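The values are calculated or read from the model by the stated rules, or taken from the named source; none is laboratory data. Everything quoted here is computed from the prediction, not taken from an experiment. For neighbour counting, all protein chains shown are included, and Cβ atoms are generated from backbone atoms with ideal geometry for every residue, glycine included. Calculation scope for accessible area: heavy atoms of the full protein, side chains included, ligands and nucleic acids excluded. Shrake-Rupley method; radii C 1.70, N 1.55, O 1.52, S 1.80 Å.
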Amino acid sequence: MSPNTVDNGTLIPFSGETNNDSLAIYPLHHTLTRPVSRLAISWSRGNSLRVSLFAEPSQTSDAGDGAKVIEVKLGGGDPEIDDADWRRIAYGSVAPFALLQSRRSAISNMSKSPSTYQLDWWEHVLQYSKEITSLLAGPKLGPSPIIDDPNEIVKKNEEPTCLKAAWELMEIFYVDKQSQAWLPERLVDWLADYDSLFTSTQETIHGKLVDFQNDLVNIQVIEDDPRYWEVMSSALSVGWLDIVVKMLRLHGSYQLDQLSNRELENGLVEAVAVLISKMPRLRPESAAGNLGECFKSKPDFIKAWEKWRSQITKLDCSPFWIQCDNQQTRVGLRNLLQVMLGNTESLCTASCYWVELYISHFLYIRPFMIGVESMYNLAQKCIQLKPPTGTHRLTGLLIGILGENTEVVLAEISREFGPWMVAHAVELLTAGSEQAEILLYDERYNLGGISMVELHRLAYAQVLSSHALTWQIAPIYLTSCMKQGMGLLENLLYRQSVQHNNMLLKNIEICRLYELDHISSNIMKVAGVYHWKHGRKGAGVFWLQQSQDTNCLDRIAQQLFDSVGKSISDESFKQWEGLIELLGSESKPAGGLEFLHKYRDFKKSLQMVYSGKSTDAARQAVGSLILLMKNPSTPQRFWLPLLFDSLKLLNWKDSPLLSVSETNLLLNKLQEFSLARQRPHFTEPNLPPQALSSIRLALATNLGRAILDE
Amino acid sequence: MAVTANSEIHRFPQYKYIDAVRWLPVLSAFNRFAVLATSDFDSNLSSIEIHSFKPNPLSFEFQSSWTSPSPISSIKSSQFLQKSIIASSTSSGSLHFLFADSTDARLVSEVSVPENELHLEGKCCIDLMDGGVECVTVGDDGRINLVTVGDSNLNYRRLFDSGGLVSYTSVKWASPVEFATGGYGFGLHWWDQRKPGGPVSQFKGNWDKNLNSGIVHSIDIHPSRKHTCLAAGSLGTVLAWDLRMQQQPIILSGTGAGDGAGNTAVQSISESEVWEVQYDRCIKSNTSSTRILPAMICSEDGILGVIEQGEEPIELLAEPCAINSFDIDRHNPLDVICSLEWESVAILTRQ
């Protein structure tokens, strides 16, 4: 069954006939025994959907589960890079990205002229690109063995990935201005590294080499096997000189027992091997130990190239070939010479698909060519000669780059490699040309006034935000977005859970970094209420104080006072000490909780009065009492208990402690309290019945004595 | 400015979040083991993993693991008799003790206290007595418990319950009967098992407004100086509270500590949360006995460093992401292991 849902969660049939490629179908495996009657769908973490399935109500009670919740992960993800590895890449690309952004703003602040900006900007981008490349490297395949295996033709250092291949391809074309002069040679190297990736969609030279290598142990006389010559001419056509020379040296004529009677044959093999290893290359230097002679300047290279070609022609016309009686060797070696002479037909048979053919053209037919335009035409020609059987994610990108179409390139990398790639590769694209920069940085009406760069960064930030482990790096990308970034950042910060202190503090730290004080204050408020509701009163009060929310504190205070010990003898007040300590000095906003402070001070001095009989202590206690009674935050229900606790002060033997005005204040409060008593919902304080009258009496006595004193 | 120290640094990506990390004390001189509290967000599993570390040839290999019922909020390791003990508390309030073979770190047995017995749901913190079987647990819920671990059984009792009025965020033993706790508002309390009913001493952070708005994340007490409590927390604050000079803490680092009494020109190694502090086990011989011993910290802004009273702070590691916890190897104090926010572990060998 393929249910589809409408608004009210009922099921409607879904016809599988609309065979559209853009529809992805995810089968749900639920264990409900009864038919499903309703569905509820919501987003879960990342790009997972949470589907709740409700079965039809059943009459019997033991009909199994009535509902089931299933998580469905959307999108297959990248086949070569799993989620955890994507996160590793995301973490690692933060620092290079941030550095490049800060350099960009530093340069644009320093000089307004674009010429100096363009001058060395690519060097910064190149550094950025190299750092990202090192991040994309696949897992190392163990240390290389110390003893060289003579039968090992293809060496592998790390598992290549399409992502890295695509990144390097863009670096070659857009960023590295220094090696622009030997761009074809860089493509040769690129294919040498990544040819194996194409094996997934078509036959490749790399694949042929690996197959041959695996069969090597079963082959008796290697030069009699036609595949030996076929594989060598293929490898030579794409410039893998080391491999070809190594394979040539496996030729039977090198064996000591045969050397004497196959001298001439061996001479020819060796001559070809030497010629191959002397092939001139237009490039600064090749990796250590690689064969071929490198030339930095073009005139030197042309001279060497012509000399080399003439040597090949000379060997090709040599009379020794007729004397060589091993036909396989003769044909095979001459075919290698044809490859080196740039025979179109030989190259075409040697290569497996158009990219290989394309590379062989650079090496042997047009060694002097530079310029992207002619490269594009050549690519078209190669595609015609070897029409692709399927599309590979890298060939689409290559054609887009050669066609100098930024939008196509952007679309290709977005489709094939996802938001991380687009957000980071944009830097490479814009380093390449001013035209691309204008295209990508132009604010567009149809995108809501933001540029394409910003759009892709926002999309990537959205992906980061959806995962609990990566949301913390999303702010770096959001803040590089001028128009919408800050708004989305605020959203993101509000959305984070306040449940765990560590998370909360990390969140607040981000607010501090980006000077979003109003947000951190709101977050702390939410945290305060959360802790309060979960019975962690101290933590709640702390966060509310941090957010300076006196309103909330006032409300909390009213609830708190219900449980505060009301009488001086009440031991339970002791445990409030910690909370009062937390409230800190009076300079901090405590709202209604300020009362607790004064109440504590009052209790303390009153306790001293009860333990000793110092008049000073008594005077201090009276001071606290007056402060408490004057303060509007003191709840009315505490008035009577406070006065009752202070009876001893009011009846102080030596002299009246309260002045006339102070006594009047207390009398007024008492009056106010008596009035409040008449109102409904008044709760009577838990005091002896004669409490009110004894307070009245004490106050009246005190008033009389005070008047006399004054 | 902080001085940067030379050390050999190795990073090991784990592809899951590391909540905390500890070295596991073992008897063997050849084997080194680390304990990782991990959370795998893809499978929603939390576990304690034991990895073996070899410097040459370099390897950090998974040995064994134990699945925890909920995320781990605090983890401590110690050695008792012939076994290594790992104590951990979870965010649902349960407490678990794992016993490992002290030569090959194989997990042997486990005893636990279920949730809601000791603490309500929320963060709690534990400390295991050095070489002992006594564990103190404190929590957000304001409860303080003492747990005694036997071979297969546990005894526990509640020492104090503030009923949520005060939350505790860190704890550390000072002696077999005394310990210190830290909490909100940089509140530090000193407790004595023999005197239940409340703290025997309180540190009042009132003298500094900034300090008052922070939280203590970690405490350390040196066995040779039991009267001094080292506390670290918000705003890069690290301070030493000497019980004998109650009102004058010694500020070792902190942005909010500009005008504290007697603490002029204190350098701050970090500006954000200091997640953990430990006395540096590797002490130079010329350290004065009147000074506070050097301490190592790790922070939210990615610093792992050593601070010493009156000296420039030394940065061992400056990462682009937070360093959430660290541990100094008690047998090789030059080796430090730390957990990074970006799902990896780093091991430093100081020169």
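Within the range A:155-177, the only residue that satisfies the criterion of being under 14 Å from A:GLY432 (Cβ atoms), part of a helix (DSSP H, G or I) and open to solvent by 30 Å² or more (accessible area, probe 1.4 Å) is A:TYR174.
Looking only at residues in the range B:61-99 that are open to solvent by 20 Å² or more (accessible area, probe 1.4 Å) and among the aromatic types (Phe, Trp, Tyr), the one that is farthest from the chain's Cα centre (by Cα) is B:PHE62. Which of the residues belonging to the range A:512-525 are more than 18 Å from A:ASP549 (Cα to Cα) and within 12 Å of another protein chain (Cβ to nearest Cβ)? Of everything in the range A:512-525, those that are more than 18 Å from A:ASP549 (Cα to Cα) and within 12 Å of another protein chain (Cβ to nearest Cβ) turn out to be A:ARG512, A:LEU513.
Scanning the range B:168-187 for residues that are touching a Lys or Arg at 6+ places or on another chain (Cβ under 9 Å) and in contact (Cβ under 8 Å) with a residue 40 or more places away in the chain gives B:TYR168, B:THR169, B:ALA174, B:SER175, B:GLU178, B:PHE179, B:ALA180, B:THR181, B:GLY182.
In contact with a Leu (Cβ under 7 Å, 6 or more places away or on another chain), surrounded by fewer than 19 Cβ atoms within 10 Å (Cβ to Cβ) and assigned by the TED database to the domain that holds A:LEU378: is that true of A:CYS348 in this structure? Judged against the criteria, A:CYS348 is a match.
For beta carbons closer than 9 Å, sequence separation of 6+ or different chains, a first residue in the range A:82-98 that is more than 9 Å from every other protein chain (Cβ to nearest Cβ) and a second that is among the charged types (D, E, K, R) and part of a helix (DSSP H, G or I), the qualifying pairs are A:SER93/A:GLU131; A:PRO96/A:LYS130; A:PRO96/A:GLU131; A:PHE97/A:GLU427.
Reported count of residues in the range B:222-249, each being hydrophobic (A, V, I, L, M, F, W, C) and open to solvent by 10 Å² or more (accessible area, probe 1.4 Å), is 3.
When the residues of the range B:191-200 are filtered to those that are within 17 Å of B:THR169 (Cα to Cα) and open to solvent by 10 Å² or more (accessible area, probe 1.4 Å), the one that is modelled with the highest pLDDT is B:PRO199.
Answer yes or no: is there a residue in the range A:423-434 that is buried (at least 19 other Cβ atoms within 10 Å of the Cβ) and more than 28 Å from A:HIS124 (Cβ to Cβ). There is no residue in the range A:423-434 that is buried (at least 19 other Cβ atoms within 10 Å of the Cβ) and more than 28 Å from A:HIS124 (Cβ to Cβ).
When we screen A:GLY704, A:GLY623 for residues that are open to solvent by less than 40 Å² (accessible area, probe 1.4 Å), more than 30 Å from A:LEU593 (Cβ to Cβ) and in a helix (DSSP H, G or I), the only hit is A:GLY704.
Of all the numbered requirements in (1) out of contact with any Asp or Glu (no Cβ under 8 Å at 6 or more places or on another chain); (2) surrounded by fewer than 20 Cβ atoms within 10 Å (Cβ to Cβ); (3) closer than 29 Å to B:PHE62 by Cβ, B:SER102 misses one, and that requirement is (2). Which ones in the range A:484-518 are crowded, with 16+ Cβ neighbours inside 10 Å and within 24 Å of A:LEU447 (Cα to Cα)? Result: A:GLN484, A:GLY485, A:LEU488, A:LEU489, A:GLU490, A:LEU492.
One line per residue, one yes/no per condition, for (1) away from chain A (no Cβ under 14 Å); (2) in a loop (DSSP other than H, G, I, E, B); (3) in contact with a helix residue (DSSP H, G or I) (Cβ under 6 Å, 6 or more places away or on another chain):
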| position | (1), (2), (3) |
| --- | --- |
| B:GLU271 | no, yes, yes |
| B:ARG281 | yes, yes, no |
| B:CYS298 | no, no, no |
| B:PRO320 | no, yes, yes |
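Identify all residues within the range A:30-44 that are at pLDDT below 80 and open to solvent by 90 Å² or more (accessible area, probe 1.4 Å); write none if there are none. Of everything in the range A:30-44, those that are at pLDDT below 80 and open to solvent by 90 Å² or more (accessible area, probe 1.4 Å) turn out to be A:THR31, A:THR33, A:TRP43.
Please indicate, with yes or no, whether at least one residue in the range A:310-318 is farther than 27 Å from A:GLU185 by Cβ, open to solvent by 30 Å² or more (accessible area, probe 1.4 Å) and either basic (Lys, Arg) or not in a helix (DSSP H, G or I) (or both). Yes, the range A:310-318 contains at least one residue that is farther than 27 Å from A:GLU185 by Cβ, open to solvent by 30 Å² or more (accessible area, probe 1.4 Å) and either basic (Lys, Arg) or not in a helix (DSSP H, G or I) (or both). Does the range B:15-24 contain at least one residue that is open to solvent by 80 Å² or more (accessible area, probe 1.4 Å) and within 13 Å of chain A (Cβ to nearest Cβ)? Within the range B:15-24, one or more residues are open to solvent by 80 Å² or more (accessible area, probe 1.4 Å) and within 13 Å of chain A (Cβ to nearest Cβ). Residues that are in a loop (DSSP other than H, G, I, E, B), modelled with pLDDT of 90 or more and not hydroxyl-bearing (Ser, Thr, Tyr) within the range B:20-71 comprise B:PRO69, B:PRO71, listed in sequence order. Residues of the range A:388-401 that are more than 26 Å from the chain's Cα centre (by Cα) and touching a residue at least 24 places away in the same chain (Cβ under 8 Å): A:PRO388, A:THR389, A:GLY390, A:THR391, A:HIS392, A:THR395, A:LEU398, A:ILE401.
Conditions (1) within 26 Å of A:ASN501 (Cβ to Cβ); (2) of a type in the set (Ser, Thr, Tyr); (3) modelled with pLDDT of 90 or more, marked per residue:
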residue: B:ARG291; (1), (2), (3): no, no, no
residue: B:GLY302; (1), (2), (3): yes, no, yes
residue: B:GLY305; (1), (2), (3): yes, no, yes
residue: B:GLN309; (1), (2), (3): no, no, no
residue: B:LEU317; (1), (2), (3): yes, no, yes
residue: B:ILE328; (1), (2), (3): yes, no, yes
residue: B:VAL336; (1), (2), (3): yes, no, yes
residue: B:ILE347; (1), (2), (3): no, no, yes
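Criterion applied to A:LEU126, A:LEU119, A:LEU100 was being touching a His at 6+ places or on another chain (Cβ under 8 Å), within 22 Å of A:ALA436 (Cβ to Cβ) and either modelled with pLDDT under 70 or not assigned by the TED database to the domain that holds A:SER52 (or both), and the one residue passing it is A:LEU100.
Between A:GLU412, A:GLU416, the distinction of being farther than 22 Å from A:VAL188 by Cβ, free of Cβ contacts under 8 Å to residues at least 24 places away in the same chain, part of a helix (DSSP H, G or I) and open to solvent by less than 60 Å² (accessible area, probe 1.4 Å) belongs to A:GLU412 only. The strands (runs of 3 or more DSSP E) falling completely within the range B:104-216 that include 1 or more residues that are among the aliphatic types (A, V, I, L, M) and more than 11 Å from every other protein chain (Cβ to nearest Cβ) map to B:107-113, B:124-128, B:134-139, B:143-149, B:154-161, B:168-173, B:178-183. Report, by residue number, each residue of the range B:60-91 that is touching a Pro at 6+ places or on another chain (Cβ under 8 Å) and in contact (Cβ under 8 Å) with a residue 40 or more places away in the chain. The answer is B:SER77, B:SER78, B:GLN79, B:SER84, B:THR90. Might you check whether a residue that is in a loop (DSSP other than H, G, I, E, B) and of a type in the set (Asp, Glu) occurs anywhere in the range A:277-286? Yes, the range A:277-286 has at least one match. The set of residues in the range A:322-374 being at pLDDT below 90, within 44 Å of the chain's Cα centre (by Cα) and in a loop (DSSP other than H, G, I, E, B) consists of A:ARG366, A:PRO367, A:PHE368, A:MET369, A:ILE370, A:GLY371.
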